[in-house]
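**Student:** Below is one structure. I have some questions about it.
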Amino acid sequence: MDELIAIGSYRDPSSSLPTIPLDILFDIFQHLPIQSVLALRQTSKSFYAITRLRSLWALLLRTLVQEQNIPIPYFDGKSLESLSALELERLTCRALALRSNWTNPNPNVKREIDFEEPSEKDLYIFFMEFLPGKRNRWFISVATRVVGQFRLQRVIQCWDLAVLQPVCIAKLTYMEGSYDRVVINDDPSSPAMIAIQSSLTEILTIDFEEKNPESAFVPLSTIDGLREIHLLSGSTLVTRRPEHDGEVSIWDISDQPYEKIQLVSPSLSPVSLLFPCNPARPMHLCDDYIVIIRCQIVELYSTIPRPNNVATPGVSISYPLAQHSFQRPLQSVYVSGQVNWHAARSRRPSPINIAVRYRSTDLWPANALHLFVLTPNPAYIPGRETSLYNLPYAGAAHSSADDRLTSTSDIALGRYGTVIWLDNYYEDWAYAREPSEFDQRLAGQILTATGGFSTSQHGSHDSMIFRVRDRNDWSVVAIDEGSGRIVVGDVDGTITLFEYL
């Protein structure tokens with residue numbers, strides 16, 4: 001009512017605007033480009049007042065941004081109720097500006113900067129990822145180098161991206177183990193930020209106030225024994241011992257780490273029990289279930305321990321509730337749950353995006369990028385325990401991105417449906433003979449739930465070409481959709497940041 005009175009004070013006798021109800025005007029504004037809404041502000045006192053209303057910008061932020069599953073840059077999960085009209089307007093305009101540039105066939109780079117020159121030129125970067133939370137200010141890179149006679153040394157670095165020139169604020173060096181892996185915690189509220197596997201499994205945090213980078217990585221706990229680590233989410237760590245027939249273990253690391261449950265696959269094929277070769281985590285953990293992607297099958301398990309299903313060491317075991325088979329073994333797989341506003345509000349499962357490359361002796365089929373989406377089950381009942389009778393996902397929808405990934409390449413999946421990849425191409429494929437003859441592209445595509453969370457219909461936008469260069473040296477890529485940033489790592493240890501906002 002206060003807003004209506006305020007508008008009335010700007011009434012223009014020559015205008016018919018006051019006779020139009022606000023809800024009708026708001027409905028019209030939702031179908032206008034945001035630039036047109038801002039332009040209307042300059043046409044009259046009435047439009048000036050209306051386009052300054054907090055209720056209008058709260059509506060536009062919800063309908064044009066949140067409901068479209070568009071990231072809000074630098075939002076940090078604040079309460080919308082605490083924000084002013086001007087703050088809501090800025091968030092809306094910033095989100096739509098980034099989306100417009102990000103989905104352009106040739107996005108415009110706003111800033112490009114190299115990290116500080118690597119002090120050691122023999123480093124080869126093979127893993128990069130943003131630390132979630134805190135505006136994705138912190139960035140993790142993992143490199144390797146050969147020391148002595150055929151021994152590999154790992155170098156983990158944490159970079160501060162909030163400064164003009166990214167700087168290393170934490171550094172850890174260790175020798176490679178049998179199942180060497182590094183995983184980043186996807187829960188920004190957890191003190192356990194990183195898990196590494198060398199001679200044992202070690203859980204680490206980062207002291208961002210420490211002045212000496214060599215002392216900034218702080219151990220929290222350890223787990224003895226050699227194993228593959230695949231996922232760290234909050235206080236849950238998921239590992240696998242390859243010698244134990246594909247057995248996967250879920251650990252509680254909140255205090256003293258202990259094995260909570262074992263996930264056992266009844267598959268009779270030894271090949272299908274293996275995991276793909278790439279270091280990305282082939283898993284997705286949510287509520288009381290976990291999705292695991294092995295070499296040729298997707299499995300869904302309950303993560304609730306059952307007293308009547310106890311393995312020999314006294315640890316509960318779980319068998320898959322559902323399985324889906326790929327048409328042939330996978331060479332690499334990348335998994336990410338997709339942010340879905342409608343699903344979150346109704347407490348229903350969100351789509352899970354999966355990018356795969358098949359294993360084959362034939363070059364081109366193996367290196368085609370295939371995109372799958374695990375579609376939510378419309379019959380799933382939120383709040384009820386996941387079981388054979390209440391499965392969160394109904395199946396996998398497939399759409400292949402017809403891109404040939406040759407030579408050195410990498411793929412990254414974002415939480416808002418962006419898949420980016422490094423690929424190689426040549427203007428005339430018939431005359432290209434060696435990988436060095438190919439240019440290298442940083443390309444991408446947007447996957448969207450076009451039919452909403454309940455219809456299981458998915459589509460994709462046309463590809464975006466973020467960058468093309470005439471060298472073939474990029475080896476790894478990372479993405480931060482929320483801030484519109486992409487980071488690429490070079491084979492010589494150089495890291496480059498591209499910003500699109």
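The values are calculated or read from the model by the stated rules, or taken from the named source; none is laboratory data. Just so you know, these numbers come straight off a predicted model, no measurement behind them. Because the Cβ atoms are built from the backbone with ideal geometry, glycine has one as well, and the counts that use them run over all protein chains shown. Calculation scope for accessible area: heavy atoms of the full protein, side chains included, ligands and nucleic acids excluded. Shrake-Rupley method; radii C 1.70, N 1.55, O 1.52, S 1.80 Å.
**Student:** Applying the selection to the range 172-200, what residues are more than 24 Å from the chain's Cα centre (by Cα) and in a strand (DSSP E or B)?
**Tutor:** Going through the range 172-200, the residues more than 24 Å from the chain's Cα centre (by Cα) turn out to be 172-178, 198-200.
Residues satisfying the conditions are LEU172, THR173, TYR174, MET175.
**Student:** Another one. Could you check how many residues of the range 383-403 are at pLDDT below 90 and either open to solvent by 50 Å² or more (accessible area, probe 1.4 Å) or within 18 Å of VAL335 (Cβ to Cβ) (or both)?
**Tutor:** Just the residues of the range 383-403 that are at pLDDT below 90, to begin with: 383, 394-403.
The next check asks that each one be either open to solvent by 50 Å² or more (accessible area, probe 1.4 Å) or within 18 Å of VAL335 (Cβ to Cβ) (or both); those that pass are 383, 394-402.
Residues flagged as at pLDDT below 90 and either open to solvent by 50 Å² or more (accessible area, probe 1.4 Å) or within 18 Å of VAL335 (Cβ to Cβ) (or both) within the range 383-403 amount to 10.
**Student:** When the range 28-53 is examined, which residues are found to be open to solvent by less than 80 Å² (accessible area, probe 1.4 Å) and either modelled with pLDDT of 95 or more or closer than 23 Å to GLU81 by Cβ (or both)?
**Tutor:** Correct list: PHE29, GLN30, ILE34, VAL37, ALA49, ILE50, THR51, LEU53.
**Student:** Let me ask another. From the residues in the range 343-364 that are open to solvent by 50 Å² or more (accessible area, probe 1.4 Å) and not charged (D, E, K, R), which one is modelled with the highest pLDDT? Outline the logic, then answer.
**Tutor:** In the first step, residues of the range 343-364 are kept if they are open to solvent by 50 Å² or more (accessible area, probe 1.4 Å); the result is 344-345, 347-348, 359-364.
Then keep just the ones that are not charged (D, E, K, R); that gives 344, 360-361, 363-364.
Working: ALA344: 88, SER360: 63, THR361: 58, LEU363: 49, TRP364: 48.
In this case the residue turns out to be ALA344.
**Student:** Let me ask something else. With the condition kept exactly as written, say whether any residue in the range 443-453 is at pLDDT 80 or above and out of contact with any His (no Cβ under 8 Å at 6 or more places or on another chain).
**Tutor:** First, pick out the residues of the range 443-453 that are at pLDDT 80 or above: 443-447.
Those left that are additionally out of contact with any His (no Cβ under 8 Å at 6 or more places or on another chain): 443-444.
Yes - at least one qualifying residue is present in the range 443-453.
**Student:** Hey, can you tell me all the residues within the range 221-235 that are part of a loop (DSSP other than H, G, I, E, B) and open to solvent by less than 20 Å² (accessible area, probe 1.4 Å)?
**Tutor:** Scanning the range 221-235 gives ARG227, GLY234.
**Student:** Could you please find all residues in the range 14-69 being charged (D, E, K, R) and farther than 27 Å from LEU447 by Cβ?
**Tutor:** Initially, the range 14-69 is screened for residues charged (D, E, K, R), giving 23, 27, 41, 45, 52, 54, 62, 67.
Those that are charged (D, E, K, R) and farther than 27 Å from LEU447 by Cβ: ASP23, ASP27, ARG41, LYS45, ARG52, ARG54.
**Student:** Going by what's in this entry, would ILE250 be described as at pLDDT 90 or above and surrounded by 22 or more Cβ atoms within 10 Å (Cβ to Cβ)? Write out each step before concluding.
**Tutor:** Numbers: at pLDDT 90 or above: yes; surrounded by 22 or more Cβ atoms within 10 Å (Cβ to Cβ): yes.
So ILE250 passes the test.
**Student:** Only one of (1) of a type in the set (Lys, Arg); (2) surrounded by 16 or more Cβ atoms within 10 Å (Cβ to Cβ); (3) at pLDDT below 90; (4) part of a loop (DSSP other than H, G, I, E, B) is not met by ARG415, so which one is it?
**Tutor:** Here ARG415 clears every test but (3).
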